[in-house]
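Colleague: A single structure is presented below for examination.
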Amino acid sequence: MLSEIGIGLRRNLAMTISVVLVTFVSLTFVGAGALMQQQVSTMKGDWYDRVQVAIFLCTQDSLSASCSGAATDADKAAIEQALASPPLSQYVSEVEFETSDEAYAQFQEQDAELSASVTPDQLPESFRVGLEDPERFGVISESFQGSPGVEQVVDQREVLEPFFAVLNAATAGSLALAGVMLVAAVLLIGTTIRLAAFNRRRETGIMRLVGASSTFLQLPFLLEGVIAVCLGAGMAGAVLLLAVDRGVTGWLAEQVPAFDYITTTDVWATIPWLFVGGIVLASVASLVSLSRYLKV
Amino acid sequence: MIRFDDVTKTYDRTARPALDGVDLEVSRGEFVFLVGASGSGKSTFLRLVLKEEDATSGAVQVAGKDLRRLSSWKVPHLRRQIGVVFQDFRLLPGKTVFQNVAFALQVIGRSRGSIAAAVPEVLELVGLEGKGDRLPHELSGGEQQRVAIARAIVNSPAILLADEPTGNLDPTTSLGITRLLERINGRGTTVVMATHDDDIVDSMRKRVVELVDGHVVRDEHQGGYVTGAIPVVPAPEVSVDHRGAAAVDVPADGRPVAEQGGGAR
Ligand SMILES: Nc1ncnc2c1ncn2[C@@H]1O[C@H](COP(=O)(O)OP(=O)(O)OP(=O)(O)O)[C@@H](O)[C@H]1O
Ligand SMILES: [Mg+2]
């Protein structure tokens, strides 16, 4: 049985190789899409925890309607009080107050040149509010937008949205490409099996006549398809491991260390699914074409 | 063992039926020659027995099973009870004699042990002892056909179908092959042999069923290739005339062998 499969694979070498390559490429895109999606959710989880809602207070230069000069101590106390008491307190996990000097120090750290053109008292003081549920930003915004002494309520997540949008688009693109490649893979597997069945019509003709069951007739072809697809899945897994190890862990994580990145552990967790998907694909494609060309 | 009740087979995209209202019963242990001109429907008959094709109308019963009601996953079991040989032997060129015969048992999942026991035995029966290691191209045509017969009977089928098994062989070899089929028949296997070979049919004096354009025009015991012997049932409708047989139809209810053959099941 096994030797028959080996013979079958070799006899059909060119076709087998093309099945391996096409599944390799398509599963690589599937895997890349899945990993990008994981990256997005890792970042979201991580960042949305860290990112806060900033309630910027009025400075003496503020032009906003709710501002009449710099925010007073009474304004600040009212805000602090509102954040600390129901109903808002249930949404709030932590509150920090950032003074103008602190804001200036951070500005200087980020961009020394530009910060030279402002003075600390031009930068607004702010409450940095951490939320229990980052999605409930609206509650804070509604409560404080327009309150006395508040110039603006900013959800820092908005800053990140374009970044995530790019990643999401890349995921969608890679999955779309994977879809096209998968269609090609299915068709190719079907054609390959039809060709293999034709090449071996002598054997299968005899098998049929002596009463081999359809399982026995079809299994070798099915296994050939599955083996070819598994080779492709293995190659896809190897490429993804290499890409994440060199490209993400070895390069991106060093260049832009601010983020949490997916690691080869995530890739290892994805690989079994590539195999499962590939095997399901090969089986379906095989059975469809076998039921057409290898009837009992 | 095999029973056709008013069986008609029309292939797709053909106007004329390949078999037309055939009634025929072959009892257990019988030896039947199926004769008729090319295109008369002999191979079609055998294909229907194997359920390679389904009858367009009428009932085909084989080994007590109504093939119309046999689901496709049970077809392999039907075929394990039927051996088949063809004019072109259909051996696998890369396998030895032994492997060719063993293949038939491997693909139905027999154990190595039972294969190792059954194959030499059947090779001896067909007169190929000591030739198990040869490849098909190292054998004469007659020997190749013996390998094919060995493969067909190694699973001890109840029925052996032979579609012009001597078509590629010289007269002496043909007679040898037919004698072998007769020996197999003597061990209890029902044999149906389609043939063009008049000498063989004449010399064997077995039951002969003649087809013309898909009709059974003759069915007689100890018949010759052309008629002359006693019909199975001297039914007046069944013509015993010499060449004009084509003109005569078997009546729809004419089941000549039924009374004589005595129950297939
Ligand atoms: N697969 C098929 N499709 C369409 N027509 C077919 C098919 N097989 C056979 N026929 C037709 O059915 C008729 C009977 O064919 P069959 O093969 O049964 O004849 P036969 O008696 O075996 O002939 P031969 O002695 O030449 O082998 C012929 O007219 C043939 O053309
Ligand atoms: Mg024929």
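To keep it simple, each residue is scored yes or no on (1) away from ligand 2 (no atom under 16 Å from the Cβ); (2) more than 22 Å from the chain's Cα centre (by Cα); (3) closer than 28 Å to A:Leu219 by Cα; (4) aliphatic (A, V, I, L, M).
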position	(1), (2), (3), (4)
B:Leu105	yes, no, yes, yes
B:Ile108	yes, no, yes, yes
B:Leu123	yes, no, no, yes
B:Arg151	yes, no, yes, no
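Colleague: Step by step: first the residues of region B:52-69, then only those that are within 14 Å of chain A (Cβ to nearest Cβ) and over 15 Å from B:Arg3 (Cα atoms), then the one that is farthest from ligand 1 (Cβ to nearest atom). Which residue is that?
Modeller: B:Glu52
Colleague: So B:Gly58 ticks every box in (1) on the phi > 0 side of the Ramachandran plot; (2) in contact with a Phe, Trp or Tyr (Cβ under 9 Å, 6 or more places away or on another chain); (3) of a type outside the set (Asp, Glu); (4) within 15 Å of ligand 2 (Cβ to nearest atom) but one. Which box is left unticked?
Modeller: Here B:Gly58 clears every test but (4).
Colleague: From the list B:Arg68, B:Arg90, B:Arg112, B:Arg79, pick out the single residue that is of a type in the set (Lys, Arg) and crowded, with 21+ Cβ neighbours inside 10 Å.
Modeller: B:Arg79
Colleague: Look through B:Arg47, B:Arg79 and report the one residue that is of a type in the set (Lys, Arg), within 14 Å of chain A (Cβ to nearest Cβ), within 16 Å of ligand 2 (Cβ to nearest atom) and not in a strand (DSSP E or B).
Modeller: Going through B:Arg47, B:Arg79 in turn, just one is of a type in the set (Lys, Arg), within 14 Å of chain A (Cβ to nearest Cβ), within 16 Å of ligand 2 (Cβ to nearest atom) and not in a strand (DSSP E or B): B:Arg47.
Colleague: Taking the conditions exactly as written (under 29 Å from B:Ile2 (Cα atoms), acidic (Asp, Glu) and either more than 10 Å from chain A (Cβ to nearest Cβ) or part of a strand (DSSP E or B) (or both)), does B:Asp133 satisfy them or not?
Modeller: No.
Colleague: In the list B:Arg13, B:Arg28, B:Arg3, which residue meets the criterion of being surrounded by 19 or more Cβ atoms within 10 Å (Cβ to Cβ), away from ligand 2 (no atom under 16 Å from the Cβ) and not hydroxyl-bearing (Ser, Thr, Tyr)?
Modeller: The match here is B:Arg3.
Colleague: Condition first: closer than 27 Å to A:Ile206 by Cα, away from chain A (no Cβ under 14 Å), buried (at least 17 other Cβ atoms within 10 Å of the Cβ) and away from ligand 1 (no atom under 16 Å from the Cβ). Can you find one or more residues in region B:204-224 that meet it?
Modeller: Scanning region B:204-224, I find no residue that is closer than 27 Å to A:Ile206 by Cα, away from chain A (no Cβ under 14 Å), buried (at least 17 other Cβ atoms within 10 Å of the Cβ) and away from ligand 1 (no atom under 16 Å from the Cβ), so the answer is no.
Colleague: Then there's this: Please count how many residues of region A:177-214 are of a type in the set (S, T, N, Q) and within 14 Å of chain B (Cβ to nearest Cβ).
Modeller: Kept after step one, since they are of a type in the set (S, T, N, Q), are these residues of region A:177-214: A:191-192, A:199, A:204, A:213-214.
From what's left, within 14 Å of chain B (Cβ to nearest Cβ): A:199, A:204, A:213-214.
Final tally of qualifying residues: 4.
Colleague: Among the residues in region B:221-237, are any at pLDDT 50 or above and either within 25 Å of B:Val154 (Cα to Cα) or charged (D, E, K, R) (or both)?
Modeller: No, the conditions are met nowhere in region B:221-237.
Colleague: Name every residue in region B:12-51 that is more than 8 Å from ligand 1 (Cβ to nearest atom) and free of Cβ contacts under 8 Å to residues at least 40 places away in the same chain, in order of residue number.
Modeller: B:Ala15, B:Lys51 - these are the residues of region B:12-51 that are more than 8 Å from ligand 1 (Cβ to nearest atom) and free of Cβ contacts under 8 Å to residues at least 40 places away in the same chain.
Colleague: Going by the structure shown, is B:Asn100 crowded, with 19+ Cβ neighbours inside 10 Å, within 13 Å of chain A (Cβ to nearest Cβ) and in a loop (DSSP other than H, G, I, E, B)? Give the derivation first.
Modeller: Working: crowded, with 19+ Cβ neighbours inside 10 Å: yes; within 13 Å of chain A (Cβ to nearest Cβ): yes; in a loop (DSSP other than H, G, I, E, B): no.
No, not satisfied.
Colleague: Are any residues in region B:136-184 more than 14 Å from every other protein chain (Cβ to nearest Cβ), under 23 Å from B:Val26 (Cα atoms), touching a residue at least 60 places away in the same chain (Cβ under 8 Å) and not in a loop (DSSP other than H, G, I, E, B), and if so, which ones?
Modeller: Hits for region B:136-184 are B:Leu181, B:Glu182.
Colleague: So, one more: Filter region B:124-151 for residues that are crowded, with 19+ Cβ neighbours inside 10 Å and basic (Lys, Arg) and give the result.
Modeller: Listed by number, the residues that qualify are B:Arg146, B:Arg151.
Colleague: Here's something else I'd like to know. Exactly one condition in (1) within 16 Å of ligand 2 (Cβ to nearest atom); (2) closer than 22 Å to A:Ser213 by Cα is false for B:Ser40; which is it?
Modeller: Result: B:Ser40 fails condition (2) only.
The values are calculated or read from the model by the stated rules, or taken from the named source; none is laboratory data. Note that the structure is predicted; figures quoted are calculated from it, not measured. Methodologically, a virtual Cβ is constructed for each residue, glycine included, from the backbone with ideal geometry; neighbour enumeration extends over all protein chains shown.
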